[in-house]
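Written below as structure tokens is the structure these notes are about.
Every number here is computed from the coordinates shown, using simple stated rules; none is lab data. In this text the structure is predicted, and so the values were computed from the model without any measurement. Counting neighbours? That spans all protein chains shown, and the Cβs are built from the backbone with ideal geometry, glycine included.
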Amino acid sequence: FEATKKEVEQYLDLIKKKEVELSEYSSIKLNTLFKPEKGDSKYTKKYIREHRGTYPLYSSKTKDEGLIGNIDSFKYDFENKECLTWTTDGIYAGKVFFRTGKFSMTTHCGILVPLRKDVYLPYVSYVLSEILPKKALGQKGQNKRVTIDVINDLEIRIPIKKDGDLD
């Protein structure tokens with residue numbers, strides 16, 4: 001018992017000596033951190049049948065990470081980087097996904113292309129996952145939408161350092 005007590009006291013001393021720096025937050029317009037875009041309406045079931053391939057095509061579907069099919073071309077190339085997408089329509093409008101690689105999207109999906117390298121996408125994804133479904137426009141139980149206008153008007157709280165840079 002005495003050995004454990006001494007070990008705990010040593011840890012407490014270490015904790016007391018550490019300076020804990022809490023982040024400040026700033027409300028920042030989402031469209032200053034990301035370029036929002038909607039997918040393309042040319043991607044239909046017929047298009048998927050006629051253009052089978054290896055590149056993912058995402059939609060507002062939430063099952064299978066939103067994958068609706070694989071086609072022979074891509075619009076977005078995030079081979080060595082990440083972006084976020086969101087479902088724009090349906091019961092689950094506002095569902096957020098991480099994306100990497102080469103892919104395309106239907107008009108029922110939107111993409112947030114990072115404008116800065118210092119944005120921590122897991123944090124933004126978490127915040128948006130809480131906010132976007134509540135911002136979906138439409139009646140309960142009916143088809144809801146999270147439009148580009150909703151995204152452009154949205155502000156999120158981002159941790160900032162004392163010098164004002166994103167934390």
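Numerical summary
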item	result
Förster-model FRET efficiency, 25 Å R0, Tyr92 and Lys45, C-beta, rounded to 0.05	0.80
Relative contact order (%) - criterion: Cα under 8 Å, at least six apart; region: the chain	29 percent
Sequence ranges 149-156, 101-108, ranked by mean other-Cβ count within 10 angstrom, highest first	101-108, 149-156
Prolate/oblate/rounded call for the stretch 24-63, Cα gyration tensor, a/c under 1.5 rounded	prolate
Reach of Lys42 by Cα under 14 Å, taken over aspartates and glutamates that are not fewer than 8 positions away in the same chain	Glu50, Asp72
Nearest-ten-degree value, helix 121-135 long axis tilted from longest Cα axis of the chain	60 degrees
Taking the stretch 68-166 and dividing mean pair separation by its residue count, relative contact order in percent (alpha carbons under 8 Å, at least six apart)	28 percent
Helix-only [θ]222 nm of the chain, DSSP H runs n ≥ 4, -39500 (n - 2.57) each, per residue, nearest 500	-7500 deg cm²/dmol
C-alpha long axis of helix 2-17 to longest principal axis of the chain, angle in °	70 degrees
Scaled radius of gyration (Cα, divided by 2.2 N^0.38 Å) that the stretch 81-167 gives	1.15
Highest average packing first - 8-14, 58-64, Cβ atoms within 10 Å	58-64, 8-14
Karplus-derived HN-Hα couplings along the stretch 68-76 (A = 6.51, B = -1.76, C = 1.60, θ = phi - 60°), whole Hz, x at Gly and Pro	10, x, 10, 10, 8, 8, 9, 9, 10
Kirkwood Rh and Cα Rg combined as Rg/Rh, the chain	1.16
Kirkwood estimate for the stretch 29-94, i.e. one over the average of 1/r between Cα atoms, Å	13.3 Å
